[in-house]
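Here the structure is laid out as structure tokens; the discussion comes afterwards.
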Amino acid sequence: MKWNGNSEGLQEQESSQSEQKVQSQVNDSSDKTADASTAEAADDRVQASANASESNDLQQGSVGDSASPIIELPPVGYDQQRNDIAHGSIETVEYDSKTVGNKRKMLVYTPPGYNEDEKYNVLYLLHGIGGDEEEWHRNGHPEVILDNLFADGKLKPMIVVLPNGRAMTNDRAEGDIFAADKVKAFEVFEDDLINDLIPYIESHYSVETKRENRALAGLSMGGGQSLNIGLAHLDKFAWIGAFSAAPNTKSPEQLVPDAEYAAKQLKLLWLLCGDHDNLLNVSERTEAYLKEKNVPHTWFEYADGWHDWPVWKTGLYYFAQSIFQ
């Protein structure tokens, strides 16, 4: 997704799947869908600079740091399907939403060797304002990233749930995605997630049900939701991640009204944003407050990073390895 530079409001612009230059995020006024972008030029940049990292610590906290650490780029091929390993399954599932009043769709990823006799952790992974439950699968292919990490022994067993964060009767990303009712629906999703979706997952899949066994993360609008919902429900989530959090993110004082309580409850609070992202200030203000209040957290910037998939896939790659430890 791309934003037009007005970080105080939801002014996201759209770009096309044919976009070749990531730098057009700032200058391009295209009306096509950014979440459909493959960002091929950005992927080339990622691979070309794979050895230019300055940090290799997945859970490096930044409390007291004077400068933002630059995240190490994932190894080349981390997001490429490998045929010589076991693969998990990803399927579309419908659940009854009392909050919305109809059936809603989500995607559920089960890891290789999923066994009903075992209990699994759950990561709830949220999309952006221009997407739906298919956005991560369509553009980020988390199933590939996760399969590869499982094969390399770098991941704790987990199920990953890809919901639709737009909780309304017609939850498709169509028409004016900035219409008031559609923006409001991202707030309504909090009730849908807590009261409908999580209970469905826990009654239909073999999962652990303690807060330590749930993680919540997302990109852009979903990153803001993850902070808003996760930090308001630390009795439900111990692991929270936000990749390029959008302006829907509440003020830091609202997110963490009780710093001492949050510090005790959180297992991990993980933030990432591209250093060229027009929404960088949203993450920076949150990080500055967390640092001031001594709330342990992890903060990374993505060097030469924009509001796009290379950043978000990198976020998933590292966050997934850091949770449920």
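The values are calculated or read from the model by the stated rules, or taken from the named source; none is laboratory data. This one's a predicted model, so the numbers in the text were calculated from it and none came from an experiment. Here the Cβ positions follow ideal geometry from the backbone for every residue, glycine too, while neighbour counts run over all protein chains shown.
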>> Suppose the filter is under 27 Å from P310 (Cα atoms), at pLDDT 95 or above and buried (at least 24 other Cβ atoms within 10 Å of the Cβ); does A238 pass it?
In response: no
> Quick one: which of A215, A259, A242 is closer than 23 Å to A303 by Cα and in contact (Cβ under 8 Å) with a residue 24 or more places away in the chain?
Replying inline: A242
> Could you list, in sequence order, the residues of region 132-174 that are surrounded by fewer than 22 Cβ atoms within 10 Å (Cβ to Cβ) and among the basic types (K, R)?
Replying inline: R138, K154, K156, R172
> Filter region 106-123 for residues that are outside any strand (DSSP E or B) and at negative phi; which is surrounded by the most Cβ atoms within 10 Å (Cβ to Cβ)?
Replying inline: P111
>> If a residue must be within 19 Å of G274 (Cβ to Cβ) and touching a Lys or Arg at 6+ places or on another chain (Cβ under 9 Å), how many such residues does region 65-100 contain?
In response: 4
